[in-house]
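Down below is the structure, laid out as structure tokens.
Bear in mind these aren't lab numbers, they're just calculated from the coordinates by the rules spelled out. Keep in mind it's a predicted model, so treat the numbers as computed, not measured. Note that each Cβ is placed from the backbone with ideal geometry, even for glycine, and that neighbours are counted across all protein chains shown.
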Amino acid sequence: MQYNFDWKLVLSGEYLQWIIDGVVVTCQISALSLVLAMAIGTLIAVMRLSAVRPLVWFSAGFTEFFRNTPLLVQIFFWYFGSDAVLPAAVNQWLYKQNFEFAAGVIALAVYTAAFIAEEIRSGIFSIPRTQLEASRACGLTFLQAMRYVVLPQAFRIIVPPLISQALNLFKNSSLCMTIGVMELTYMARQIESYTFHGFEAFTVSTLIYLTISLLVSFSITQYNKYFLRTIKY
Amino acid sequence: MAMIEFHDVHKWYGEFHVLKGITQKVEKGEVLVICGPSGSGKSSFIRCLNRLEPIQKGQILLEGKSIHDKSVDVNELRTEVGIVFQQFNLYPHLSVLQNVTLAPTKVRKMPKAKAESIAMELLERVGIHDQARKYPVELSGGQQQRVAIARALAMQPKVMLFDEPTSALDPEMINEVLNAMKDLARAGMTMLCVTHEMGFAREVADRVVFMDGGKVIEEAPPDVFFSNPQHERTQAFLREIL
Ligand SMILES: Nc1ncnc2c1ncn2[C@@H]1O[C@H](COP(=O)(O)OP(=O)(O)OP(=O)(O)O)[C@@H](O)[C@H]1O
Ligand SMILES: [Mg+2]
């Protein structure tokens with residue numbers, strides 16, 4: 001049987017609108033998860049660096065657990081498991097909202113936070129101890145030394161790996177189609193089942209993922225060129 | 001009253017007894033050169049003075065006052081005792097000028113304009129005011145070390161510590177750093193210098209101290225120290241480095 005390519009079908013009218021809607025949802029779910037993941041990740045990293053034993057254990061457990069189980073399983077866990085874990089009233093409220101979306105955001109945020117926590121921690125560790133020593137020797141307090149000397153350097157080092165984590169998050173968001181979040185991959189799939197033109201739909205969605213990812217990667221390279229050049233010991 | 005007094009100072013790293021009873025007096029404006037084999041405790045000795053290292057026994061006085069006294073604020077103490085490290089340890093993310101002004105503006109809360117004009121004077125004194133806007137990575141080792149000296153001087157310390165400031169430098173850059181240190185010595189700064197630059201010791205040291213195994217085993221004015229060392233281990237050490 002001959003497959004008839006019909007790009008126009010996918011790139012106009014209703015189906016184009018579906019793709020655009022999908023891109024919007026993909027960007028929303030990625031952005032929201034990223035903000036949450038940064039907050040949780042920073043918190044976990046700080047706990048891990050603190051001297052308080054239970055916090056260290058908790059954060060270590062958190063990191064290992066969420067980094068070492070499949071994301072798809074975690075998405076199902078939050079989606080199907082929230083009934084069991086969350087109070088009934090919260091579940092009632094969630095069902096009235098966009099429940100799939102919320103479960104997706106939580107799953108992506110928690111999963112990505114585990115990776116981000118590790119990046120932040122290793123960024124701080126990668127600054128030589130002598131930097132802290134040199135600044136303390138000039139009379140800066142510990143917090144001043146962290147704020148003006150250690151963290152600004154750590155941040156410059158962390159930004160590129162954090163951007164890669166953001167990219168992973170963006171690509172991973174496609175897994176949320178499995179719980180019915182109407183993001184880009186879900187929409188491509190939808191077009192395929194309505195039109196049997198899945199090849200075109202998935203080609204277009206692939207190109208969209210690729211373009212956004214490449215743009216972000218390109219900006220990392222530029223960042224490395226211009227901002228990291230002064231950091232040498 | 002002496003500027004610095006060490007009274008029977010002992011220090012351990014865990015089980016390892018690194019300083020075994022150091023007693024020393026350094027007068028205001030005096031330049032002390034400390035030498036000795038690797039691992040003899042020279043760095044530990046000077047780093048005790050700004051409390052980068054704690055001590056377990058004995059007493060250290062700065063202008064007659066114990067530096068471990070409860071009333072002494074460690075950050076305040078460190079502004080009075082500047083230190084220059086072997087590896088420079090400049091802040092790589094800050095310009096040369098910002099390296100020098102950071103502590104005065106954050107610790108002393110000095111207005112930025114005033115801190116910068118003081119910093120420029122200090123950079124001029126060590127001969128690198130034309131590099132003020134550059135970043136450390138753009139400077140040679142000798143220039144970086146001179147920035148480190150200016151950074152320490154910016155807090156107007158009463159004492160300056162130098163821990164092998166020229167050991168990490170290419171030979172052709174050693175003199176520019178030693179010259180900056182000599183100027184400082186001649187200007188009356190009290191200095192404790194761990195160095196094996198014997199030319200420097202002969203020229204500006206008031207006293208040379210030889211350490212071995214955590215003890216001071218010989219001390220003398222430089223001419224006597226070099227021409228007539230008493231202790232056998234000092235003689236062996238001098239034969240090796242001269
Ligand atoms: N933080 C530390 N913990 C444990 N041991 C240490 C520590 N710092 C130094 N030491 C040990 O103490 C001894 C003396 O160290 P110190 O750095 O004071 O000697 P030094 O005379 O400055 O030697 P060098 O010429 O190599 O710089 C060395 O044997 C060293 O291994
Ligand atoms: Mg040393």
Open item on the list: All but one of (1) part of a loop (DSSP other than H, G, I, E, B); (2) within 12 Å of chain A (Cβ to nearest Cβ); (3) more than 17 Å from the chain's Cα centre (by Cα) hold for B:ARG133; state the number of the condition that does not hold.
Closed with: (2)
Open item on the list: Among (1) on the phi < 0 side of the Ramachandran plot; (2) over 16 Å from the mean Cα position of the chain (by Cα), there is one condition B:GLY214 misses while meeting the rest; what is its number?
Closed with: (1)
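Taking the criterion of being within 14 Å of another protein chain (Cβ to nearest Cβ) and within 14 Å of ligand 2 (Cβ to nearest atom), would at least one residue in the range B:27-43 satisfy it?
Keep residues of the range B:27-43 that are within 14 Å of another protein chain (Cβ to nearest Cβ), which gives B:43.
If we keep only those that are within 14 Å of ligand 2 (Cβ to nearest atom) too, we end up with B:43.
Yes, the range B:27-43 has at least one match.
Quick one: in the range B:100-120, of everything that is of a type in the set (Ser, Thr, Tyr) and surrounded by fewer than 20 Cβ atoms within 10 Å (Cβ to Cβ), which residue is farthest from the other protein chains (Cβ to nearest Cβ)? Break it down into steps so the answer makes sense when it comes.
Filtering the range B:100-120 down to residues of a type in the set (Ser, Thr, Tyr) leaves B:101, B:105, B:117.
Next cut, surrounded by fewer than 20 Cβ atoms within 10 Å (Cβ to Cβ) only: B:105, B:117.
Values: B:THR105: 10, B:SER117: 19 Å.
By that ranking, first place goes to B:SER117.
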Open item on the list: Just the residues that are in a helix (DSSP H, G or I), at the interface with chain B (Cβ under 7 Å from one of its Cβ atoms) and of a type in the set (A, V, I, L, M, F, W, C), please, taken from the range A:123-160.
Closed with: A:ALA134, A:ALA137, A:VAL149
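Looking only at residues in the range B:54-99 that are on the phi > 0 side of the Ramachandran plot and in contact with a helix residue (DSSP H, G or I) (Cβ under 8 Å, 6 or more places away or on another chain), which one is surrounded by the fewest Cβ atoms within 10 Å (Cβ to Cβ)?
Our first condition is that a residue be on the phi > 0 side of the Ramachandran plot; within the range B:54-99, this holds for B:58, B:63-64, B:88-89.
Within this subset, residues satisfying the condition of being in contact with a helix residue (DSSP H, G or I) (Cβ under 8 Å, 6 or more places away or on another chain) are B:88-89.
Details: B:PHE88: 25, B:ASN89: 22.
Here the residue is B:ASN89.
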Open item on the list: With among the aliphatic types (A, V, I, L, M) and either more than 29 Å from A:VAL150 (Cβ to Cβ) or within 16 Å of ligand 1 (Cβ to nearest atom) (or both) as the only criterion, which of B:ILE67, B:ILE22 stands out?
Closed with: B:ILE22
TODO: Mind telling me which of the residues A:GLY180, A:GLY198 ends up being on the phi > 0 side of the Ramachandran plot and either without any contact (Cβ under 8 Å) to a residue 12 or more places away in the chain or among the small types (Gly, Ala, Ser) (or both)?
DONE: A:GLY180
TODO: Quickly run through the range A:77-93 and pick out the residues that are surrounded by 13 or more Cβ atoms within 10 Å (Cβ to Cβ) and in contact with a helix residue (DSSP H, G or I) (Cβ under 7 Å, 6 or more places away or on another chain).
DONE: A:TRP78, A:TYR79, A:SER82, A:ASN91
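State yes or no: is B:ASN89 within 16 Å of ligand 2 (Cβ to nearest atom), within 18 Å of A:TYR148 (Cα to Cα) and either away from chain A (no Cβ under 14 Å) or not in a helix (DSSP H, G or I) (or both)? It would help to see each step written out before you state the result.
Values: within 16 Å of ligand 2 (Cβ to nearest atom): yes; within 18 Å of A:TYR148 (Cα to Cα): yes; either away from chain A (no Cβ under 14 Å) or not in a helix (DSSP H, G or I) (or both): yes.
Answer is yes for this residue.
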Open item on the list: Restricting to the range A:218-227, and then to whatever is surrounded by fewer than 12 Cβ atoms within 10 Å (Cβ to Cβ) and of a type in the set (Ser, Thr, Tyr), can you tell me which residue is nearest to A:ALA154 (Cα to Cα)?
Closed with: A:TYR226
TODO: Could you look through the range A:97-110, keep only residues that are surrounded by fewer than 23 Cβ atoms within 10 Å (Cβ to Cβ), in a helix (DSSP H, G or I) and not aliphatic (A, V, I, L, M), and pick out the one that is nearest to the other protein chains (Cβ to nearest Cβ)?
DONE: A:PHE101
Task: Filter result (near ligand 1 (Cβ under 10 Å from one of its atoms), of a type in the set (A, V, I, L, M) and not in a strand (DSSP E or B)) within the range B:28-57 - done: B:ILE46
Open item on the list: Just to be sure before I move on: is B:ARG207 of a type in the set (D, E, K, R), touching a residue at least 12 places away in the same chain (Cβ under 8 Å) and in contact with a strand residue (DSSP E or B) (Cβ under 7 Å, 6 or more places away or on another chain) in the structure I sent?
Closed with: yes
